[in-house]
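Undergrad: One structure, pasted below without further comment.
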Amino acid sequence: VEGRVLLAVEITGVNSLLNDDCVDVTFLQAKGEPLLGTDGGLLAGQTLLKADLPQSTVEGVAIVDGQLDARPMDLDVPVSLLDANFELNMRDGGLQLRFDEDGVAAGFFTGSIHREEITEILNSSGGVDSDVADLVNSILGLGLDIEDETGQCAKMSAGLEFNAAEIYLAEEAGE
């Protein structure tokens, strides 16, 4: 954890983290310099800023036995790979979050990435050598596992597993 990509789940309308019939869930990015504990994880209780970037919201989600499942959601993740910087757009995804009694949460986000987007990233990033891009394109078909509307496998499933701590999200001054 170094704070380059800070993903936040904002849950509003919460009466109970154990069982609640109706909460709203927003997946967004935060910014700031996070404080880390001795275990390398995010310290709870700190304040970070909401990033002015795309976010995904699902309304009317239930928390059942300490678990929240929200879908459909999209997530745009900024990525730095070698000398290339790009945004990975995960679509048609879902978020699962499990709350523990001690206030810690863990979960995962799944989604799909379209083949055309991966190819576009490789060709336009400027930081990926053409030989590497050609190699990735030649083996990319092996990882495609989700069919598109035509029945062709054109998307790759992807997921992020995470641990979470309760933080406060603030709007930037002037917003």
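The values are calculated or read from the model by the stated rules, or taken from the named source; none is laboratory data. Just so we're clear, the structure is a prediction, and the values are computed from it rather than from any experiment. Positions of Cβ are generated from backbone atoms using ideal geometry, with glycine treated the same way; all protein chains shown enter the neighbour counts. Side chains included, ligands, DNA and RNA excluded: accessible areas come from the protein's heavy atoms. Shrake-Rupley method; radii C 1.70, N 1.55, O 1.52, S 1.80 Å.
Undergrad: For residue 44, indicate whether it is among the small types (Gly, Ala, Ser) and within 14 Å of the chain's Cα centre (by Cα).
TA: On the way: among the small types (Gly, Ala, Ser): yes; within 14 Å of the chain's Cα centre (by Cα): no.
Here the answer is no, as residue 44 does not meet what is asked.
Undergrad: Restricting region 50-66 to residues that are in a strand (DSSP E or B) and in contact (Cβ under 8 Å) with a residue 40 or more places away in the chain, which is surrounded by the most Cβ atoms within 10 Å (Cβ to Cβ)? Step through it out loud before you land on a result.
TA: Applying the first criterion (in a strand (DSSP E or B)) to region 50-66 yields 50, 56-64.
Still in the list and also in contact (Cβ under 8 Å) with a residue 40 or more places away in the chain: 50, 62-64.
On the way: 50: 19, 62: 13, 63: 23, 64: 12.
Once the filter is applied, the top-ranked residue is 63.
Undergrad: Read through the list (1) touching a Ser or Thr at 6+ places or on another chain (Cβ under 9 Å); (2) open to solvent by less than 50 Å² (accessible area, probe 1.4 Å); (3) of a type in the set (Asp, Glu), then give the number of the only condition that residue 148 fails.
TA: Every condition holds for residue 148 apart from (1).
Undergrad: Here is a further query. State whether one or more residues within region 109-121 are closer than 26 Å to residue 68 by Cβ, in contact with a Phe, Trp or Tyr (Cβ under 9 Å, 6 or more places away or on another chain) and touching a residue at least 12 places away in the same chain (Cβ under 8 Å).
TA: Within region 109-121, one or more residues are closer than 26 Å to residue 68 by Cβ, in contact with a Phe, Trp or Tyr (Cβ under 9 Å, 6 or more places away or on another chain) and touching a residue at least 12 places away in the same chain (Cβ under 8 Å).
Undergrad: Additional query: Looking at 39, 92, 134, 69 in this structure, which one is farther than 16 Å from residue 5 by Cα, without any contact (Cβ under 8 Å) to a residue 60 or more places away in the chain and part of a loop (DSSP other than H, G, I, E, B)?
TA: On the way: 92 fails: part of a loop (DSSP other than H, G, I, E, B); 134 fails: part of a loop (DSSP other than H, G, I, E, B); 69 fails: part of a loop (DSSP other than H, G, I, E, B).
After applying the criteria, what remains is 39.
Undergrad: Hey, another quick one. Report whether or not residue 35 is open to solvent by 60 Å² or more (accessible area, probe 1.4 Å) and under 15 Å from residue 97 (Cα atoms). Spell out the reasoning first.
TA: Details: open to solvent by 60 Å² or more (accessible area, probe 1.4 Å): yes; under 15 Å from residue 97 (Cα atoms): no.
Against the criterion (open to solvent by 60 Å² or more (accessible area, probe 1.4 Å) and under 15 Å from residue 97 (Cα atoms)), residue 35 does not qualify.
Undergrad: Here's another thing I want to ask about it. Given 133, 158, which one is open to solvent by less than 90 Å² (accessible area, probe 1.4 Å), aliphatic (A, V, I, L, M) and under 30 Å from residue 49 (Cβ atoms)? Full working, then the answer.
TA: Numbers: 133 fails: under 30 Å from residue 49 (Cβ atoms).
Only one candidate passes the filter, namely 158.
Undergrad: Only one residue in 118, 113 is at pLDDT below 90 and not in a loop (DSSP other than H, G, I, E, B), so which one is that? Don't jump to the end; show me each part of the working.
TA: On the way: 113 fails: at pLDDT below 90.
From the options 118, 113, the qualifying one is 118.
Undergrad: Hey, another quick one. Would you call residue 69 acidic (Asp, Glu) and within 21 Å of residue 169 (Cβ to Cβ)?
TA: Details: acidic (Asp, Glu): yes; within 21 Å of residue 169 (Cβ to Cβ): no.
Against the criterion (acidic (Asp, Glu) and within 21 Å of residue 169 (Cβ to Cβ)), residue 69 does not qualify.
Undergrad: Name the one entry in 103, 141 that is part of a loop (DSSP other than H, G, I, E, B), small (Gly, Ala, Ser), at pLDDT below 85 and more than 20 Å from residue 5 (Cβ to Cβ). Outline the logic, then answer.
TA: On the way: 141 fails: part of a loop (DSSP other than H, G, I, E, B).
Matching residue, one of 103, 141: 103.
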